[in-house]
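So the structure is just underneath, and the comments pick up after that.
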Amino acid sequence: MSAAWASVVAVGAGTVVLKAVGPVAVSGRKLPPRVADLLDVVAPAILAALVVTEALGRGRGLAPDARLAGVGAGLVAIALRAPIWLVVVVGAAATALARAVS
Amino acid sequence: MRKGARVAAPLFPAAAALGASFGVLARTAHLDALAAIVMSATTFAGSSQVAAVSVLGAGGGVAAAVVAALLLNARYAPIGITVAHSFRGSPLKRLAQAQLVVDESWALSGGGTTRFDHRILLGIGAMLWFAWVGGTALGALAGQAIGDPSAFGLDGAFAALFAALLAAQLLDRRRIAAALGGAAIAAVLVPFTPPGIPIIAATAAVAAGWRRR
């Protein structure tokens with residue numbers, strides 16, 4: 001199995017289980033509040049790390065390039081309350097443009 | 001379920017467009033169209049799918065891609081628990097219905113509050129599923145027609161997409177602190193570790209979520 005398909009199957013199976021844990025297994029009970037506090041902030045921590053690695057990372061190293069223009073334009077679109085799909089389009093266009101002129 | 005579909009109508013084009021973005025971006029990680037569509041149909045959780053594709057595309061390997069994606073989806077365990085009491089029927093039926101729980105269907109149906117409505121949850125979830133999978137199919141087929149993804153700036157689009165997903169998460173000081181911590185950990189580790197590891201290590205920033213109780 002290719003790396004792509006192995007990832008598709010593993011992420012799919014894992015997510016099905018994560019979503020089903022509550023409705024199938026633990027109906028009626030609650031998580032300890034301390035655990036819930038920590039789970040609240042998992043997504044922001046990982047998403048912020050992904051912004052850094054996608055904007056700056058290249059293999060093992062930081063390599064600033066045209067992608068920074070894409071993030072910058074994307075942040076402007078976010079600040080202007082653009083829908084997410086538009087942020088993606090703006091980010092791609094700005095990256096392609098910066099690459100073409102550099 | 002019809003009421004749920006009405007509440008979700010404005011979200012339909014947005015979910016389809018975002019699904020299309022994922023379909024196109026999947027090309028950068030060498031996912032063929034069928035793999036991208038299968039992933040959207042089974043995982044049905046946007047940020048984790050983009051994260052897996054991004055780690056694979058950066059050469060991070062299967063294990064790092066899967067761990068990063070599942071860490072992002074770990075929130076569905078507590079989210080599912082907040083609505084668990086409303087699910088009825090056989091375990092298999094509950095398992096199938098639970099797949100329709102996504103951030104938007106949970107929030108719009110009043111998940112975690114006293115006005116929670118199970119039928120709205122399922123209606124919104126089902127509608128978003130069709131939009132997400134259909135959009136992915138369109139984007140994946142378009143993505144296959146594209147030669148070199150970086151020529152279209154798709155590599156830069158990833159960072160912009162993650163920034164947008166992050167912006168929606170920054171609800172309070174604890175989440176902002178966790179985001180800053182995660183970004184700092186990733187920036188420090190990138191030169192020293194294989195791709196994917198900085199993302200997983202960034203979860204150490206959940207220490208920012210600690211509260212004295």
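On the beta carbon distance between B:Lys3 and B:His85, with R0 = 22 Å, the FRET formula returns roughly 0.65.
Note: chain A, Cα convex hull, 178 Å³ per residue.
With each label modelled as a point 7 angstrom along the Cα→C-beta vector, the B:Arg115-B:Ala151 pair spans 5.2 nm.
Let me know the shape class of segment A:36-80, please: from the alpha-carbon gyration tensor, a ≥ b ≥ c as square roots of the eigenvalues, rounded when a/c is under 1.5, otherwise prolate if a/b is greater than b/c, or oblate. Cα axes put segment A:36-80 in the oblate bin.
Projected onto their three principal axes, the Cα atoms of segment B:2-152 cover extents of 50, 32, 24 Å, largest first. Could you work out how far the C-alpha centroid of segment B:143-213 sits from that of segment B:9-58, in angstrom? For segment B:143-213 versus segment B:9-58, the Cα centre distance is 17 Å.
Coordinate range of the alpha-carbon atoms in segment B:27-87 per principal axis, descending: 41, 22, 14 Å.
Every helix of 4 or more DSSP H residues in chain B counts as -39500 (n - 2.57), and over all residues that averages to -21000 deg cm²/dmol at 222 nm.
The GNM of chain B, with springs linking C-alpha atoms under 10 angstrom apart, assigns the highest mean-square fluctuation among B:Ala187, B:Ala16, B:Ala64 to B:Ala187.
Just to confirm the filter: which trypsin sites (Lys or Arg not before Pro) across segment B:66-175 are DSSP coil and have at most 13 other Cβ within 10 angstrom of their Cβ? Hits after loop and neighbour filter: B:Arg88, B:Arg115.
The mean sequence distance of close C-alpha pairs (under 8 Å, at least 6 residues apart), as a share of the length of chain B, puts its relative contact order at 32 percent. In this label model, A:Val35 and B:Leu170 are separated by 3.1 nm, measuring between points 7 Å along each Cα→Cβ vector. All alpha carbon pair distances within segment B:170-213 were sorted into 10 Å bins beginning at 0; the resulting P(r) in whole percents reads 31, 45, 20, 3.
Here, the protein assembly as shown has an Rg and a Dmax of 18.5, 60 Å when only alpha carbons are counted.
Taking the Cβ-Cβ separation of A:Met1 and B:Leu141 as r and a Förster radius of 30 Å, what is the calculated FRET efficiency to the nearest 0.05? The value I calculate is 0.85.
Taking trypsin sites (Lys or Arg not before Pro) in DSSP loop conformation with at most 10 other Cβ atoms inside 10 Å as exposed sites, chain A has its longest uninterrupted site-free stretch at A:30-80. Our summary gives chain A a relative contact order of 17 percent, counting only alpha carbon pairs under 8 angstrom and 6 or more residues apart.
Nearest 0.05, what FRET efficiency do A:Arg60 and A:Ala82 give at R0 = 25 Å with Cβ-Cβ as r? In this case the efficiency is close to 0.15.
Any read-out appearing in this document is the output of simple, stated calculations on the displayed coordinates, not a laboratory observation. Owing to the predicted nature of the structure, the values given are computational and were not obtained by experimental measurement. Note: ideal-geometry Cβ built from the backbone for every residue, glycine included; neighbour counts use all protein chains shown.
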